[in-house]
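Structure, as structure tokens:
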Amino acid sequence: MRTIDDFNFKEKKVLIRVDFNVPLEKGRVTDTTRIKSAVPTISKIIKDGGACILMSHLGRPNGFEDQFSLIQIKSELDKILKIETKFCTDCVGPIAEHMSQKLLMGEVLLLENLRFYSEETQGDERFSKKLSQHASCYVNDAFGTAHRAHASTTVVAKYFENKFFGKLLEKEVLALKKVMNNGASPILAVLGGSKISSKIPIIENIIDKVDDIIIGGGMSFTFIKALGGKIGSSIHEDSMTKKALSILELAEQKNTKIHLPIDVVCAKEFKEGAESKIFAIDSIPDEYEGLDSGPKSLENFKKIIMSSKTILWNGPVGVFELESFSKGTKEIGTAISKSTKSGAFSLVGGGDSVAAVKKFKLENEVSYVSTGGGAMLESLEGKILPGISALKK
Ligand code: AMP
């Protein structure tokens, strides 16, 4: 892995793929995390005496659309970098070329949304070549799109001798390695969420890399039903029962312990404030559905979390968006943070568990929170991300 720390960027123009796909409300950035995450890379290059040309996508525009213009994030970027950046209304073409040519060392130029061109997502060669002409070095710091073989994330890399992992991309890759390749034992994966089908490739990839797997949330009911339990009207996938049984068998062969819930908080209605009752996980009456982990399950899960040295968390163990059913997910997050304080390495990755740690204000209490939803899931499935392999060629 060639990182930006391996190079001095003095007098170099550097094309950086950042992920500024930030949430906006009425033209204002509502969460600046992604902009802040790009600062260490930009600062190192500027400190070396280089110049930065930033490129990103924002949303899913159909051609040039003002509502997806990156001009909307310029003032936040300026505030965070504490400099006046330059902005170009295009990412390729004569105006963009002129601006990158005129850019002075120490300056930062933000290019307009890459996805204003369909060539970006198509991974078009000519478009990639045009992008490459802005600079003599290339840095990819956008983990969130590293699973896409797009022009700016993958194809452009082949036009550069000098190409590097940005600081954020490096951190993501190291955090993943710490769990998947060289984590201290016992290694635990806490998996939750609604659908078992979307998590099967992850389970199959990690089953011989971890010591324990906790399966909570909606996906646990398919396992319980497959084992002959009564799950009431809880969410489940009948087409996956055979797969669930084969996973339990595989875990036994690999000597990996799978921990399922013992009890569950249930309600007759899926809504905030619905009256709830606790049942054994395999004896849920027909009119009830399981919506949060029960107290005995949590006690067991917490014990396992506290005795683990490496923890991966993907997916909530209940409907954490509703206050009435958020207790389980909050307690799991809190236990992971306690275990981290006692020396465990913890990685939280993949959409909803990241939303959960943010909701419960635990993002600074775990070792690493991934910035890439889809990219993290594909990495956990064992896939080589095209944006990462392109930097190694
Ligand atoms: P996923 O996208 O598959 O990771 O699922 C995340 C979603 O699973 C969240 O929106 C949770 O509300 C939901 N979820 C977790 N536990 C349950 C459950 N017991 N019943 C229904 N949905 C659940």
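Can you give the FRET efficiency to the nearest 0.05 for ASN364 and ASP208, using r as the Cβ-Cβ distance and R₀ = 35 Å? Please report the intermediate quantities before stating the final value.
Numbers: r = 32 Å, r/R0 = 0.92.
For ASN364 and ASP208, the calculated efficiency is 0.65.
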Checklist entry - To the nearest 10 square angstrom, how much accessible area does MET180 have with a 1.4 angstrom probe? => result 30
Next on the checklist: Quick check: Cα centre of the range 292-356 to Cα centre of the range 2-70, how many Å?
Outcome noted: 32
Item to check | Order by protection proxy (mean Cβ within 10 Å, highest first), peptides 133-144, 152-163 | outcome: 133-144, 152-163
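Near GLY372, within a Cβ-to-Cβ distance under 12 Å, what is the net charge of the other residues, with Lys and Arg +1 and Asp and Glu -1? Before the final figure, lay out the partial values.
Values: positive: ARG34, ARG148, LYS171; negative: ASP19, ASP141, GLU172, GLU378.
Computed value for this residue: -1.
For the range 28-162, with every protein chain kept in place, what is the accessible area per residue (1.4 Å probe, Å²)? It would help to have the intermediate numbers written out before the result.
Values: 6030 Å² over 135 residues.
In whole numbers, the range 28-162 has 45 Å² accessible per residue.
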Checklist entry - Stokes-Einstein at 10 °C, 1.306 mPa s, Kirkwood radius from Cα pairs: D for the range 3-62 in µm² s⁻¹? => result 124
Item to check | Simple label model, 7 Å out from Cα along Cβ direction - SER197 to PHE64, nm | outcome: 4.2
Checklist outcome for this item: If the chain between LEU227 and SER43 were fully extended at 0.36 nm per residue, the gain over the current Cα-Cα distance would be 60.8 nm
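Relative contact order for the chain: what is it in percent, counting Cα pairs under 8 Å that are at least 6 residues apart?
Values: 866 pairs, mean separation 59.4, N = 393.
Computed value for the chain: 15 percent relative contact order.
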Checklist entry - How many nm separate the modelled label positions at HIS98 and ALA184, each set 7 Å beyond the Cα in the direction of the Cβ? => result 5.9
Checklist entry - Taking R0 as 56 Å, what's the FRET efficiency between LYS242 and THR89 from their Cβ-Cβ distance, rounded to 0.05? => result 0.50
Item to check | Relative packing of 286-296, 117-127, which averages over residues the other C-beta atoms within 10 Å, highest first | outcome: 286-296, 117-127
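From the Cα gyration tensor of the range 4-166, with a ≥ b ≥ c the square roots of its eigenvalues, which class applies: rounded if a/c is under 1.5, or else prolate if a/b is larger than b/c, or else oblate? Could the numbers behind the result be given before it?
On the way: a/c = 1.41, a/b = 1.11, b/c = 1.28.
It comes out rounded by the Cα gyration axes.
Give LYS303/LYS341; LYS243/LYS268; LYS257/LYS309; LYS130/LYS171; LYS26/LYS359 a once-over and call out the pairs whose C-alpha atoms are over 20 Å from each other. Numbers along the way, then the final one.
Values: LYS303/LYS341 15 Å; LYS243/LYS268 28 Å; LYS257/LYS309 15 Å; LYS130/LYS171 29 Å; LYS26/LYS359 23 Å.
From LYS303/LYS341; LYS243/LYS268; LYS257/LYS309; LYS130/LYS171; LYS26/LYS359, over 20 Å: LYS243/LYS268; LYS130/LYS171; LYS26/LYS359.
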Checklist entry - If you take the C-alpha gyration tensor of the range 183-380, multiply each eigenvalue by 5 and take the square root, what semi-axes do you get, largest first, in whole Å? => result 24, 20, 15
Item to check | Scattering curve values for the range 148-276, log₁₀ I(q)/I(0), Debye with Cα scatterers, q = 0.14, 0.19, 0.20 Å⁻¹ | outcome: -0.77, -1.05, -1.11
Checklist outcome for this item: Rg from C-alpha atoms of the chain, normalised by the globular rule of thumb 2.2 N^0.38 Å, equals 1.09
Checklist outcome for this item: Residue-ordered couplings for the range 139-150, obtained by feeding phi - 60° into the Karplus form 6.51 cos²θ - 1.76 cosθ + 1.60 and rounding to whole Hz (Gly and Pro as x), are 10, 9, 10, 10, 4, x, 10, 5, 8, 10, 8, 8
Checklist outcome for this item: Here the FRET efficiency for ARG2 versus LYS254, based on Cβ atoms and R0 = 51 Å and rounded to 0.05, is 0.90
Checklist outcome for this item: In nm, the gap between the two label points placed 7 Å beyond Cα toward Cβ at LYS36 and GLU321 is 2.5
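The values are calculated or read from the model by the stated rules, or taken from the named source; none is laboratory data. Please read these numbers as outputs of a predicted model, since none were measured by experiment. For neighbour counting, all protein chains shown are included, and Cβ atoms are generated from backbone atoms with ideal geometry for every residue, glycine included. Surface areas here come from the heavy atoms of the whole protein model, side chains and all, with no ligands, DNA or RNA. Shrake-Rupley method; radii C 1.70, N 1.55, O 1.52, S 1.80 Å.
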